[in-house]
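First up is the structure itself, then whatever we jot down about it.
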């Protein structure tokens, strides 16, 4: 049998034994682990268990561990099977099954989603059941757990061994009501940990039955307040006695009251219980005591105990209302205000006749205004105002940076300020001692003022504040001019305007400083610094851009060639002009080159490789390279720029060579043509372009390259 088969068999055995359908005995403290692939999913196994002609398929189950500590003989009724956490709650805790003690330990979050009964409740009537939340959340989706002693006195214990567990959206009813017999044992709820997010009701229907709850730890709350009017614990709301005993834990966050003690209910406290933070109809209501009822102090109260009290009876100037019974006997010499507090700020807790009582408090306020703060001090003892006898109202006006929006000053009151009865008027704003029609939004220095009426006396609070100018960055755009041109700006960008604002809020005239650059300044980079703008709500910071003084994209070249049979040709000036002849089989014998219209210092140098001579020396700027009158061919050229021209420009050149035609481009001193092959150069093309320009193509000014190399050497 596989792993799932063994687990499924264990599930069936647990359920069958729990239901009393199998005569097999279960040892005390035997643990049966029940697991599933998830809520509402069947185990992946076809194993079945046959016993006394009873055949059960593997049961659905939520992820819980079940510990069965007591089982009585089997019962005749056949079980119903469900697929949620309530498998255990239903099959182990209904009236038709024998008495037993069961522990349900959650090992994963779970949600009750099925409508098992129209009443949505699960009755725990015969078993002593412990639900260990084990750090998990069991969402009961408004279902009810009913602890009822119809046949015996069961106990439901809520605990949480891992911490952080929640029994969510759950109503727990501890109901002691008779059916066929009289059982003197109470129906019990014990809370030892975890959180019940829901409600607890303790009810009994005759004198022989009792509904009791003991809370030692954990929390009872009702965050959404939707269940049973949001009452945390309802004690004795029925016609007979019920008891809620707290030695620890807390009841908090309930919106229908924390603990409501009915005419037949008893609230017992000792140790360090907490009942605070509960409300009803928007007012504090922690423990509600009807007329004649009091909290029974069953033992010594410890540090950390804190219980708020609301009484139906109204304390008067000549009479107090007792809220405890047994306080002095168990807490001799202790001020009860250490543990109890009135939910109603009109009353305070004091010691009277050895018991905690509520007495009315009359405020007597003394007033002091200083700057932006009005202080009210109650000089009578036992002030019940929240936060104590010293209350303050502060006019708060914070400095801000201009954002185009009006300033906002507000009054902030201490927690118990309402008890003073003082009322503040509307906040007004002033500039230079004059009242403004509305809250200011522009940069400047201001005051906020408010009048407060306290017991018929006006007090003025004043809070100075300022609106600072917002930083605005004005950045010059980069620009470029050709050498010789006057410097110029290309505009600016703005960063920091408030929403909806732009350069229209600025005044002045935008100007530029170019860091000494002027027409004719050397090629290079210069700062562009903007200035001249003004704004009432902005501190302007100027950011410089970069002005680049550059040269033209190309520089013209003047070339004079001497050609076989034709002699010296007319000068040719331009960019990429062809010098010499093609298609005539005529040798180029000499060449003179010079730059035309250059705007930078420097020139052009060149030399020729000549028949029977080889490489000649370098010449420059119109000097002759090659020979004249000697009938000797030029076979190759080298060319280069000098001075600033060499820094800013490249010189490209290529030759039309015998047998090869137009060869590839050479550049900046490279060889163009042939050497050692006795082949003539017939024409030359020279181009001077700015550095960084794209490389020249194979076709340029209508001249098409026919050979892929610029130079061929034997």
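Some points to look at:
- Residue ranges 509-515, 301-307 sort as 301-307, 509-515 when ordered by packing (mean number of other C-beta atoms within 10 Å per residue, highest first).
- For the stretch 258-380, the relative contact order works out to 20 percent when only alpha carbon pairs closer than 8 Å and six or more residues apart are counted.
- For the pair residue 462 and residue 677 in one chain, pulling the backbone fully straight at 0.36 nm per residue adds 67.2 nm over the alpha carbon distance.
- Kirkwood hydrodynamic radius of the stretch 470-550, from inverse mean 1/r over distinct Cα pairs, in Å: 13.3
- Once C-alpha pairs closer than 8 Å and six or more residues apart are averaged by separation and normalised to the residue number of the stretch 407-458, the relative contact order reads 40 percent.
- By DSSP, the beta bridges lying fully in the stretch 410-538 are antiparallel in about 95 percent of cases.
- Treating r as the C-beta distance of residue 317 and residue 217 and R0 as 56 Å, the FRET efficiency rounds to 0.85.
- Modelled label positions at residue 495 and residue 709, each set 7 Å beyond Cα in the direction of Cβ, lie 5.5 nm from each other.
- Each Cα pair under 8 Å and six or more residues apart adds its separation to the average, and for the stretch 526-571 the resulting relative contact order is 29 percent.
- In this label model, residue 543 and residue 334 are separated by 6.8 nm, measuring between points 7 Å along each Cα→Cβ vector.
Bear in mind these aren't lab numbers, they're just calculated from the coordinates by the rules spelled out. As the structure is a computational prediction, the values presented were derived from the model and not from experiment. Ideal geometry is used to build each Cβ from the backbone, glycine not excepted, and the neighbour counts take in all protein chains shown.
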